[in-house]
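K.L.:
Dropping the structure in here first, questions after.
The values are calculated or read from the model by the stated rules, or taken from the named source; none is laboratory data. The structure presented is a predicted model; accordingly, all values stated were derived computationally and were not measured. Cβ sites come from the backbone with ideal geometry, for glycine too, and all protein chains shown count toward neighbours.
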Amino acid sequence: MEIIWSTNRQTPARGHTRNVGTVERLASLTAGALLLVRGLPKKGWLGTGAALLGIAFLRRALTGFSYSYDALGIDSADVGEDNKLATS
């Protein structure tokens, strides 16, 4: 399976500049999926919180934009590299 991240640093959703690198996006995708899957079956605030945090990580992975990084002026996006990640 091959995942191709957009090489355009402009995210289509709101015009934010991509500021999260490929490795971080893959880690966010993994963590987000795990939190969402583990949080959905749980009842109460803990399950709800885990599911919402998972959704936030998935949004960060899919858009490549972090509001926290933006506020702190951090940019770990892969500039000048081919943003293609091959997985098997």
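K.L.:
So the check is Cβ under 6 Å with 6+ separation or different chains; which pairs have a first residue in segment 30-54 that's surrounded by 14 or more Cβ atoms within 10 Å (Cβ to Cβ) and a second one that's assigned to a loop (DSSP other than H, G, I, E, B)?
P.N.:
Taking only residues 6 or more apart or on different chains, the pairs are Ala51/Leu40.
K.L.:
Determine which single condition Ile3 fails, assuming it passes every other condition in (1) outside any loop (DSSP other than H, G, I, E, B); (2) surrounded by 12 or more Cβ atoms within 10 Å (Cβ to Cβ); (3) modelled with pLDDT of 85 or more; (4) over 9 Å from the mean Cα position of the chain (by Cα).
P.N.:
(3)
K.L.:
Let me ask something else. If Ala13 satisfies every condition in (1) in a loop (DSSP other than H, G, I, E, B); (2) of a type in the set (A, V, I, L, M, F, W, C); (3) at pLDDT 95 or above but one, which is the exception?
P.N.:
(3)
K.L.:
Out of the residues in segment 53-66 that are farther than 9 Å from Ser28 by Cβ and either at pLDDT below 90 or in a loop (DSSP other than H, G, I, E, B) (or both), which is nearest to the chain's Cα centre (by Cα)?
P.N.:
Ranking the candidates gives Gly64 first.
K.L.:
Can I ask one more? Being of a type in the set (Gly, Ala, Ser), over 15 Å from the mean Cα position of the chain (by Cα) and at pLDDT 95 or above: is that true of Ala50 here?
P.N.:
Answer is yes for this residue.
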